[in-house]
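The values are calculated or read from the model by the stated rules, or taken from the named source; none is laboratory data. Values in this document were obtained by computation on a predicted structure and should not be read as measured data. Note that each Cβ is placed from the backbone with ideal geometry, even for glycine, and that neighbours are counted across all protein chains shown. The accessibility values were calculated without ligands, DNA or RNA, using every heavy atom of the protein model including side chains. Shrake-Rupley method; radii C 1.70, N 1.55, O 1.52, S 1.80 Å.
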Number of protein chains: 2
Amino acid sequence: MLRSSVLNLCKLFSVFHESPKQSVNTIKKCGNIHKIRFGRFLTHRCKQTVTAQQHHQVARNEIKTTQNFNTFTYRTHTCGELRPNNIGEKVTLCGWVQYLRLNKFILLRDSYGITQCIINNDSINLTNIPLETIVKIDGKVQARPTAAINNNMNTGEIEVEIDKMEILNIAEKVPFNLRNYQIPKEQLRLQHRYIDLRFPKMQQNLRLRSLMLHNVRRFLVEKHGFVEVETPTLFCQTPGGAREFVVPTHHAGLFYSLVQSPQQFKQMLMAGGCDRYFQIARCYRDETTRPDRQPEFTQLDIEQSFTNLDNILTMIEKLLYETMIKDLPKPPFMRITYKDALENYGTDKPNLTYELKIKNVTNLFSKSNDCVGLTAFALPYPNKLGKLTAKYKEKISELKKKYAVRVIHNENISKELSTDLSNKIQNIIGEYNSSVIAIGDNEQVCLCLGEIRELLAQLLHSKGLIEIKEDIVPLWVVDFPLFVKGENGLETRHHPFTAPHPNDIHLLDSEPLKVRSLAYDIVMNGNEIGGGSVRVHNVDLQEKLLKMLNIDPNKLTHFMNALRSGCPPHAGIALGIDRLMTLACDANSIRDVIAFPKSHEGKDPLSGAPNVISEDDKKYYHINIVK
Amino acid sequence: MLRSSVLNLCKLFSVFHESPKQSVNTIKKCGNIHKIRFGRFLTHRCKQTVTAQQHHQVARNEIKTTQNFNTFTYRTHTCGELRPNNIGEKVTLCGWVQYLRLNKFILLRDSYGITQCIINNDSINLTNIPLETIVKIDGKVQARPTAAINNNMNTGEIEVEIDKMEILNIAEKVPFNLRNYQIPKEQLRLQHRYIDLRFPKMQQNLRLRSLMLHNVRRFLVEKHGFVEVETPTLFCQTPGGAREFVVPTHHAGLFYSLVQSPQQFKQMLMAGGCDRYFQIARCYRDETTRPDRQPEFTQLDIEQSFTNLDNILTMIEKLLYETMIKDLPKPPFMRITYKDALENYGTDKPNLTYELKIKNVTNLFSKSNDCVGLTAFALPYPNKLGKLTAKYKEKISELKKKYAVRVIHNENISKELSTDLSNKIQNIIGEYNSSVIAIGDNEQVCLCLGEIRELLAQLLHSKGLIEIKEDIVPLWVVDFPLFVKGENGLETRHHPFTAPHPNDIHLLDSEPLKVRSLAYDIVMNGNEIGGGSVRVHNVDLQEKLLKMLNIDPNKLTHFMNALRSGCPPHAGIALGIDRLMTLACDANSIRDVIAFPKSHEGKDPLSGAPNVISEDDKKYYHINIVK
C-alpha cells in the first residue's frame, strides 16, 4: 500500500520528532540550565508535529533499512542515529556546533538530530569556537554515565568521545542562533534564509514536501500509469486570464509570456495521445500585490482523456487519501453545489471545521417592508457569547460597506424589526438563539454573512463556545456558473476552456448567466486547494464560447487546430502544492513550506531582486525604462 | 533492485515494441496492401527500439499487475492489451481511427497499441468517418479466423465485434496521417505537435523520459535520503555567467532574471542544512542563436555536504547505471584529465565510441624548421581510405583557418616534409599507416585535429574501415584549468564558485592559468552530459577568486553571508536531462525528447511566441520598445 509507504518514509523524521510531552518532562526533570535549553530546543513543536508523530509510531531502527543518509559522504553517521548498539564503534560525525559547555562538551547538530560529544584530551580547545561553526569529529561511541542519560533524546544514551576534531568552516557571528524559544521575526528569517532553514521545523516542512510529492508521483506513475510531461514556461499570452509576466527577447518588440498554468499544453497533450498526463509544474502570475501569493508557485497539474467529472473527483480523492501526510477522511469526500455553498456558508470555499451555517429567512419577511425585492439571511450562533465588542462591530461595519447590505446585530433585532418578525426569526434559528441578520442582494448578503461567519467562529472558539476541528475537512464544490457578469460583458468563472453543464447547454444563448459548468473546486478548511473541469473538446462549441467571452479565436489558432485534429474528450485538475503543504504541515503561511519565498510585493529578501539591469541588457532586449 | 524496477516499468511500452525483424516478416508474408501498411506502421523502428527491446524481454501479462492504465476512465482496456484470454468479454475501447477497410474493419489506435474492430451490423456506416476521428467502441472480444491471425501484432489473435460505436470528436482533414513510412519534415511536425506526438516514437520518448526521471527520484529519495527542494526561477542576475532572460516587474526599472541554474540556491541550501539536495529543475539561458539549444531546459541538479570529488563521481555513476534506460558499462567509468583529453582526442568531450587517437609528434620535428616554437600532432588512420575527397579537404581548409594551424594531408606529407621526417612519422603512427599532421599552437593544433578526428571517423565508418560502437561510452574529464584567459583578464572555466585544486592553490597569485580546479564533466559519445565541482566554502578564498575574476563580491552579499554563517564543505553536479534523454532514446535531436520544443531562434512553432505585447502591458511594466 502506498499509504503505508508514505508513512514509512516519514519515519526518517522521527529523529527530531519527540513528543511535546516528553520534552516538557525533560524541562521539568532536569536541574541544570543547559538541559533546560536543550529540552526546549527539542520542544519546538507545533500542532502538526503531534499529528506527524501519529505517523511515526515506528521502530526507529527500520529507517536504515530503507534509506541511507551517509552514502557518498565522509561521515559515517548522522547526528541523530547513534544508539547503544553502536557503543565501541569508531565514527565520524559532521555538523554545526549547537552548544558548548565546560570546555568539554560539544552538542553537535545536523538536520537529523543532535549528538553529545565529549573531550578527554587536552590538545583540543573549545574556547574560541563560535556557535554554528562546522566541524568534523572522529571519535568512539561510548555509553553515557547513568546519571547523564537523557531518555528524551534519541541519542541520549550515548556520547562520542572525540579523538580528532577538525574545523571545516568557522562561522562568523550569526544574526540569530538556532534556539526554538527565540525564533526571530519573519523578515530577519527570510533575509538569512540559509540560517533559518536549519530550524527543525523548516527542515521538516521541506522534507515532508519532498516526500509527499515523491509519493504523489509513485501513485500516478507506478499505480496508474500516468506520464509526467514537462511543458514550456516561455509561451504566448493566454487571452482572458490573470496578468502574466512578460519576457523580452532580442527580437525587438517580441515577448514571451511566463505561463500561468500548463492549461493549453495539457489539452494539446490530450490531442497528442498522452492520455494520462501529470506535471508538478512551476507557474507564474503577476499578482504580487495580493498577500500570501507568490509570483511563482507549484501546481500539481493532471489531465486525462476518456474520462468525466466523477472519475477525476474519485482519482483526486484517492490520490490525496493515499499520499497526504496528514489524515484525511475516507473518500468519497462531501460534494456541494456552488449555490448550496453560497447559501449555507456564504462562500465558494466553505470551512467545515466548525458548524455555523447561514439560513435563508427571506420568506419570514414577506409581510414586512424591510426586505421588499431583497433577500434576508440569518447566521445563528450560541447566545452565550453576549454582546459583541466594539472591535468586532467595526469589522462588521466594514463588511456592510463592502457588500452594500443591511446588517442587524442580534441585540438590535427586536429594535429594528417588528416583534412578530423577530419572534419568527427566533423560532427558526433553532438551538443557538442568537443571530446576525443581513438583508440585500442575494449574493452580497451571503458573501457578507460568509465573512461574518468566519469572524464569529474565531471569536466563539476563543471563548470555548464552539469546537473547531483540527482535522482537515475536504469537500468538493461543483455546479459553478459558467459565466460571471463582467464590466464589459460576460466573463468566464474558471477559464475559457471549461465545458458547460450538458443540462444547461440550451440556455447558452438565452440565459448564459444561468448556465452551470462542469467545473469543480476542492476546498479544505476554507482554502481553495485546487480546481479543474471537464474541458470543451468540440471546436464549434469552443469557438462559440470564446466569442461570447469576446476573445478572438484567431489568437488561439494552434489550440483550435488541436481540437480539430481528433482531440479526445478530456478533463483535469490542478492542485496548489504550496497551499496543500501549508495545510499538511500546519504551517502559518505558504512561505513556511517554500525554501526561498519572496516577500510581499514580490521582493526577494535575500538578493534584493528585482534589480536594475545593465544598459547592455536594455540594448540587447530593445527596451527603455519609462519612469 | 532499482535497475530491475526500471526495466519492469519499461515493460509497459512493449505494447508497441515489436522487433524490426518481426515487422519485416509481416511485410514479406502479407499479400494485401492493408497488411503491408499496417506492418510498416509497426516497423517504425530506430536503433534504440532494438535496445529498448532488450529491456522488454518480459511477459506482457505482468504489466497489468503493476500499472493500470484504465482507472478513472470509461474505457475498459487500452487498444494494446486484449489477448485470447479476453475472448468473450464485453469491452469498451476508445481511440483514433487509424484505418478503415471494406466498410467493415476499423483499426482503432491509442498510445498503447492497435486493435482491429469489426462491424457485423448494418446500422453502422463507416464511409464518412475521417481518419484520426476519435471514437468509443463497445463490443465483444472474439477470436480472429485462423487465416486472419497476425502473430506480429500484440492483439493479432483477437478482434472486437462492435455492438455500439460513438463518435466522440470528428477530425477535420489533418495535415499528415500517422504513417511511419511518411513522417513529415520537422517544421510541419513542430507546427502540429499535437498530431506529431501521436507517433509511437514520440510517445515512447516522452514515456521513457517520465519513467527515467521517476526512477532517478526513487534512487535519490528512497535509497539515499535526498530531498527534492524547489528553488525560485525569478532571481537576481548572476555575475559572470551566460546571458540571462530578464523579467520586468511593475516596479519601474526593476527586473528579475530567470535563473540559468539553481547554483546559488543549492549552495545556500547546503548552508541551510539540506545536506542531500536534488531538483529536476527548469533553467533558462538566452542562447537561442546556437543550434540545438533551447531557451529553457531541464537539469538534474544535485548537491551534497560533507563530501568530495570521488564521492560525487561514484554517486553519479551508480545513479546512471541503475536508472539509465540504455545499458551502460559497469562503474567506475573511465576518468581522464583535461590535458589528456585534449592531447589524445583534441577535445574536452571525447567520443570514445571509436578508436582514433591523436599523437604528439613535436619531438620528431626537433631538427626541422617546420615546427620551431610550435607543436605538431598527428592523427593516424587506416590507409585503405585512399585519397580524400574534395569536399572533405574543403572542410579541413575551413578548420585550418578557424584554428590558424598548418595541416598536412597524408598524401602531401612526403612532399611537404623531408624524407627523414616523413619516415619517422610513418614509424611512429603504428598500424594505421596514414595520418593527418597539424602544426601550430599546442591547444589550437589539438582542437583542430579533434574536429578532423570526428569528420574522419564518420568517413571511415561509412566505408566500413573502423567500428563505431552503438553503446554509450561514458567518461569523466577532470583537472580542468580553473581559469581561462579572457578578453579582459581572467575568466572562469566553469563558474566562480568552483574550488581550486588543493595541490595548485599556491599558484593562484603567481601562475593562475596553471591552477587546476576540482571540476568534473561527464561525457558520453562526444556530448557533455553534465558537470560539476567541489565548491568554495571558505569566504576568504571565495572573495579572492571573485576579485581575480573582476566580479564585485558586493553583488553577492547574500551568498557571501551564507558562506560566513557556517557553511559545510560541499560539492555537486548538474546533468542535462534533454541531452541525456536524447542519447537514451537514440533520438536525432533534443527536440525529439521534449514535448513542445522551440525551434531555431527560440520561436514557438505552435503559437508563434514570442509576440508583441499590449500597450497596457508596456505601461504596467514601465517599458518602451526601441527598434
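Would you tally the residues in segment B:218-231 being closer than 19 Å to B:I577 by Cα, out of contact with any Ser or Thr (no Cβ under 7 Å at 6 or more places or on another chain) and open to solvent by 10 Å² or more (accessible area, probe 1.4 Å)?
1
Here are the criteria: (1) modelled with pLDDT under 80; (2) open to solvent by less than 10 Å² (accessible area, probe 1.4 Å). Tell me which single one B:K64 does not satisfy.
Result: B:K64 passes all but (2).
Quick one: is A:L352 touching a residue at least 60 places away in the same chain (Cβ under 8 Å) and within 14 Å of A:M524 (Cβ to Cβ)? Give the steps one after another, and end with the answer.
Details: touching a residue at least 60 places away in the same chain (Cβ under 8 Å): yes; within 14 Å of A:M524 (Cβ to Cβ): yes.
Judged against the criteria, A:L352 is a match.
Among the listed residues B:K555, B:K627, B:K619, B:K603, identify the single one that is within 11 Å of chain A (Cβ to nearest Cβ), modelled with pLDDT of 95 or more and surrounded by fewer than 19 Cβ atoms within 10 Å (Cβ to Cβ).
Within the list B:K555, B:K627, B:K619, B:K603, the selection yields B:K619.
Do you know which residues across segment A:297-327 are open to solvent by 20 Å² or more (accessible area, probe 1.4 Å) and in contact with a strand residue (DSSP E or B) (Cβ under 8 Å, 6 or more places away or on another chain)?
Within segment A:297-327, A:F297, A:N308, A:L309, A:N311 qualify.
Hey, could you check segment A:181-199 for residues that are part of a helix (DSSP H, G or I) and open to solvent by 20 Å² or more (accessible area, probe 1.4 Å) and say which is farthest from the other protein chains (Cβ to nearest Cβ)?
Here the answer is A:Y181.
Among residues belonging to segment A:239-253 that are touching a residue at least 40 places away in the same chain (Cβ under 8 Å) and closer than 23 Å to A:N550 by Cα, point out the one that is surrounded by the most Cβ atoms within 10 Å (Cβ to Cβ).
A:F245
Going by the conditions given, is A:Q116 in the same structural domain as A:L168 (by TED's automatic domain parsing) and under 23 Å from B:N561 (Cβ atoms)?
Considered against the rule, which asks whether it is in the same structural domain as A:L168 (by TED's automatic domain parsing) and under 23 Å from B:N561 (Cβ atoms), A:Q116 comes out as no.
Would you call B:E159 buried (at least 16 other Cβ atoms within 10 Å of the Cβ) and assigned to a strand (DSSP E or B)?
So B:E159 fits the description; yes.
Based on this model, can you work out whether B:Y256 counts as in a strand (DSSP E or B), closer than 30 Å to B:L545 by Cα, more than 8 Å from chain A (Cβ to nearest Cβ) and of a type in the set (F, W, Y)?
Spelling it out, it is not the case that B:Y256 is in a strand (DSSP E or B), closer than 30 Å to B:L545 by Cα, more than 8 Å from chain A (Cβ to nearest Cβ) and of a type in the set (F, W, Y).
Can you tell me how many residues within segment A:218-250 are in a helix (DSSP H, G or I) and more than 7 Å from every other protein chain (Cβ to nearest Cβ)?
Here the count works out to 3.
Pairs only if they're at least six apart or on different chains, beta carbon under 7 angstrom, first in segment A:524-545 and hydrophobic (A, V, I, L, M, F, W, C), second assigned to a strand (DSSP E or B); list them, first residue then second.
Once the first residue is hydrophobic (A, V, I, L, M, F, W, C) and sits in segment A:524-545, its partners that are assigned to a strand (DSSP E or B) give A:M524/A:P474; A:I529/A:I522; A:I529/A:V523; A:I529/A:L575; A:I529/A:G576; A:V534/A:A571.
Looking only at segment B:285-307, count every residue that is more than 7 Å from chain A (Cβ to nearest Cβ) and closer than 25 Å to B:F219 by Cβ and tell me the total.
The total comes to 7.
Name the residue that is nearest to B:A271 (Cα to Cα), counting only residues in segment B:568-588 that are outside any helix (DSSP H, G or I), more than 7 Å from every other protein chain (Cβ to nearest Cβ) and open to solvent by less than 10 Å² (accessible area, probe 1.4 Å).
Only one residue fits best here, namely B:H570.
Failed condition for A:N215, given (1) out of contact with any Pro (no Cβ under 9 Å at 6 or more places or on another chain); (2) crowded, with 22+ Cβ neighbours inside 10 Å; (3) at the interface with chain B (Cβ under 8 Å from one of its Cβ atoms), with all others met?
Among (1) out of contact with any Pro (no Cβ under 9 Å at 6 or more places or on another chain); (2) crowded, with 22+ Cβ neighbours inside 10 Å; (3) at the interface with chain B (Cβ under 8 Å from one of its Cβ atoms), the lone unmet condition for A:N215 is (3).
Looking at (1) within 14 Å of chain B (Cβ to nearest Cβ); (2) over 15 Å from A:F105 (Cβ atoms); (3) among the β-branched types (V, I, T), which one does A:I129 not meet, given that it meets all the others?
For A:I129, the exception is condition (2).
Sort through A:G139, A:G80 and tell me the only one that's in the same structural domain as A:E166 (by TED's automatic domain parsing), at pLDDT 95 or above, assigned to a loop (DSSP other than H, G, I, E, B) and open to solvent by less than 20 Å² (accessible area, probe 1.4 Å).
Working: A:G139 fails: assigned to a loop (DSSP other than H, G, I, E, B).
Just one listed residue meets the conditions, A:G80.
Only one of A:Y284, A:Y277 is in contact with a strand residue (DSSP E or B) (Cβ under 9 Å, 6 or more places away or on another chain), more than 21 Å from B:Y620 (Cα to Cα) and of a type in the set (F, W, Y); which?
Among A:Y284, A:Y277, only A:Y277 is in contact with a strand residue (DSSP E or B) (Cβ under 9 Å, 6 or more places away or on another chain), more than 21 Å from B:Y620 (Cα to Cα) and of a type in the set (F, W, Y).
Which residues, counting only those in segment A:536-548, are assigned to a loop (DSSP other than H, G, I, E, B) and open to solvent by less than 20 Å² (accessible area, probe 1.4 Å)?
Listed by number, the list holds a single entry, A:V536.
Based on what the data block shows, is B:K598 of a type in the set (K, R), farther than 30 Å from A:I134 by Cα and either open to solvent by less than 20 Å² (accessible area, probe 1.4 Å) or within 7 Å of chain A (Cβ to nearest Cβ) (or both)? Steps first, answer last, please.
Numbers: of a type in the set (K, R): yes; farther than 30 Å from A:I134 by Cα: yes; either open to solvent by less than 20 Å² (accessible area, probe 1.4 Å) or within 7 Å of chain A (Cβ to nearest Cβ) (or both): yes.
Against the criterion (of a type in the set (K, R), farther than 30 Å from A:I134 by Cα and either open to solvent by less than 20 Å² (accessible area, probe 1.4 Å) or within 7 Å of chain A (Cβ to nearest Cβ) (or both)), B:K598 qualifies.
Say whether the condition of being touching a Pro at 6+ places or on another chain (Cβ under 9 Å), farther than 16 Å from B:K357 by Cβ, assigned to a loop (DSSP other than H, G, I, E, B) and aliphatic (A, V, I, L, M) is met by at least one residue in segment B:459-474.
Yes, the conditions are met somewhere in segment B:459-474.
Please find, among A:S418, A:S366, the residue that is over 30 Å from A:D479 (Cα atoms), among the polar types (S, T, N, Q) and surrounded by fewer than 21 Cβ atoms within 10 Å (Cβ to Cβ).
From the options A:S418, A:S366, the qualifying one is A:S418.
Out of segment A:170-228, which residues are free of Cβ contacts under 8 Å to residues at least 24 places away in the same chain, of a type in the set (S, T, N, Q) and not assigned by TED's automatic domain parsing to the domain that holds A:I280?
If the condition is that a residue be free of Cβ contacts under 8 Å to residues at least 24 places away in the same chain, of a type in the set (S, T, N, Q) and not assigned by TED's automatic domain parsing to the domain that holds A:I280, then A:Q182 is the only one that fits.
List the number of the failed condition for A:P175; all other conditions in (1) more than 10 Å from chain B (Cβ to nearest Cβ); (2) open to solvent by 10 Å² or more (accessible area, probe 1.4 Å) hold.
Every listed condition holds for A:P175 apart from (1).
Taking the options B:V445, B:V484, name whichever one is of a type in the set (V, I, T) and in the same structural domain as B:I316 (by TED's automatic domain parsing). Can you show your working first?
Values: B:V445 fails: in the same structural domain as B:I316 (by TED's automatic domain parsing).
Every option except B:V484 fails the conditions.
Tell me the residue from A:Y345, A:Y338, A:Y321 that is aromatic (F, W, Y) and within 21 Å of the chain's Cα centre (by Cα), please.
A:Y321
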